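In what follows, a single structure is set out as structure tokens and then discussed.
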Amino acid sequence: MAKKLKKQPGGTPATVALTASGTDHTVHAYAHDPAAASYGEEAAEALGVAPGRVFKTLVADVDGDLTVAVVPVSGSLDLKALASAVGGKRAAMADPGAAERATGYVLGGISPLGQRRRLRTVVDASAAGHATVCVSAGRRGLEVELAPEDLVRLTGAVLAAIGRA
């Protein structure tokens, strides 16, 4: 049974999980602009990081099961590839409310780490080509940088080519 993580002052469930696991990571905060067209591209620009190293967390419905897809902000999610990666037939983007309830995060701040309910997760294979990647730390304006192998290990993810340029 998973250990329930308590919210710590200034922390999110994602940063609490990272700290509890002893995983090397860096938290980056920036001033979020509510008018930003893309949360991920905003993060890449604010942090001065190539968009291919900043990954967005999307929640999809694969054959009735919520599944997390982690793909570069510079591209989009290939739903057929996601379904195939988890042995499914059909995938569609999840209802936003269902995604928020399952993860415990709000849209634009969904982290693949520290979710309320651990969902099966697929990380785009391109992550393996970087020494570190950035993902949401659990709220808009907060990113966490970590090694892709640590992201895969902590989320129980599989690596697969699920992103499109």
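Rg/Rh for the chain to two decimals, with Rh computed the Kirkwood way over all alpha-carbon pairs. Let's see the in-between values first.
On the way: Rg = 14.5 Å, Rh = 15.6 Å.
Rounded to two decimals, Rg/Rh equals 0.93.
Separation of the range 138-162 and the range 52-91, taken as the distance between their Cα centroids, equals 13 angstrom. Among Ala35, Ala69, Ala92, which one shows the biggest mean-square fluctuation in a GNM of the chain, springs joining Cα atoms closer than 10 Å? Taking springs between Cα atoms under 10 Å, the residue moving most is Ala35. Computed over protein heavy atoms with a 1.4 Å probe, the accessible surface of the chain works out to 51 Å² per residue.
Could you check how much of the accessible area of the chain is carbon and sulfur, as a whole percent, using a 1.4 Å probe? Don't skip to the end; give the middle numbers.
On the way: 4370 of 8430 Å².
Carbon and sulfur atoms account for 52 percent of the accessible area of the chain.
Which value at 222 nm does the chain reach when only helices count, each DSSP H run of 4 or more adding -39,500 (n - 2.57), with the total divided by all residues and rounded to the nearest 500 deg cm²/dmol? Here the helix-only value at 222 nm equals -6500 deg cm²/dmol.
Loop-only check: which trypsin sites (Lys or Arg not before Pro) in the range 62-165 are DSSP coil with at most 16 other Cβ within 10 angstrom?
Answer in residue order: Lys89, Arg90, Arg116, Arg117, Arg118.
Pro51 sits among other residues whose Cβ lies under 15 Å from its own Cβ, and their net charge, with Lys and Arg +1 and Asp and Glu -1, is -3. Among residues other than Tyr39 with Cβ under 12 Å from its Cβ, the summed charge is -2 (Lys and Arg +1, Asp and Glu -1).
With K and R counted +1 and D and E -1, the other residues having a Cβ less than 13 Å from that of Ala157 yield a net charge of 0.
Applying both filters, DSSP loop and at most 12 other Cβ atoms within 10 Å, to the chymotrypsin sites (Phe, Trp or Tyr not before Pro) of the range 9-65 eliminates every site.
For the range 96-165, the spread of Cα positions along the three principal axes, ordered from largest to smallest, is 32, 25, 23 Å.
Relative contact order for the chain using alpha-carbon pairs under 8 Å, separation at least 6, rounded to a whole percent?
Working: 334 pairs, mean separation 45.3, N = 165.
The normalised contact order for the chain reaches 27 percent.
The values are calculated or read from the model by the stated rules, or taken from the named source; none is laboratory data. Source: prediction; values computed, not measured. Reconstructed Cβ throughout: ideal geometry from the backbone, glycine too, with neighbour counts over all protein chains shown. Keep in mind that these areas ignore ligands, DNA and RNA; they rest on the heavy atoms of the full protein, side chains included. Shrake-Rupley method; radii C 1.70, N 1.55, O 1.52, S 1.80 Å.
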